[in-house]
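Student: Got a structure for you, questions after.
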């Protein structure tokens, strides 16, 4: 057996254990059920404030689901991964794991991939069931947009899971790790856009306006929002993204690449720190 095959087997073993631990704890089922219930409620009752009940269109359904995903998936990913390493350290099992023929990078990568598989499976299962229920209302264009929404939801989860694993490596105990995870959620989901808007307001729209779209790329939640909203012409015009986000940056492939970078860079930083 080659060294590369051995490394892959070790990573797969760690990843498989993490994934099946989540399956046995019913964590995946619970998250998938949450996504399904919320998505169906939004799809059928999202227009209740305007006196409209029932499925309207896939565009407005996705626009409503985007807000749900931005709040929910980052929180789930951060809670899922914040104790991946520091938890093992506190339980005293980290030294035991590292005494086996496995490198620190293989352990870290295996844990991340296992948690990522559990998060991706629950996301696709939850939202995929909604697609089955709404299939009679969808055309090919609607299915394509919904497929992009599900794929980008997975990428958003992987980005915040990478941040969570990085926090788990840098934190000295679970209490600090959980505090940092909550702080990251508040910053990226609640505070980041307020700070940018504050800068624009203070500058009277003359300071930072030309860099506004590029600054949004520094927040994976904003990248996810732009990726889904900008691809829907009717909703994108309603949100005013056409005047804020240049079309050359609204390329779906580019934005997906940015989300992938958000998955790779924090994990790479965590791997560097963990090896030290």
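Computed from the coordinates by the stated procedures, all read-outs in this text should not be read as laboratory data. As the structure is a prediction and not an experimental result, all values here were calculated from the model. Ideal geometry is used to build each Cβ from the backbone, glycine not excepted, and the neighbour counts take in all protein chains shown.
Student: Can you tell me the convex hull volume per residue for segment 83-132, based on C-alpha atoms, in Å³ to the nearest whole number?
Tutor: 75 Å³
Student: What list do you get for 175, 13 if you sort them by fewest beta carbons within 10 Å?
Tutor: 175, 13
Student: Taking the beta-carbon count within 10 Å as an exposure proxy, list 145, 137 from fewest neighbours to most.
Tutor: 137, 145
Student: What are the radius of gyration and Dmax of segment 129-217, computed over its Cα atoms and given in Å?
Tutor: Values for segment 129-217 (Cα only, Rg and Dmax): 18.7, 52 Å.
Student: Between residue 140 and residue 34, what is the label-to-label distance in nm when each label sits 7 Å out along the Cα-to-Cβ direction?
Tutor: A separation of 3.7 nm, rounded to one decimal place.
Student: As a footprinting exposure proxy, order 103, 123 by other Cβ within 10 Å, with the fewest listed first.
Tutor: 103, 123
Student: Could you tell me whether segment 53-154 comes out rounded, prolate or oblate from its Cα gyration tensor? Rule is a ≥ b ≥ c as square roots of the eigenvalues, rounded for a/c under 1.5, then prolate if a/b exceeds b/c, otherwise oblate.
Tutor: In terms of gyration-tensor shape, prolate.
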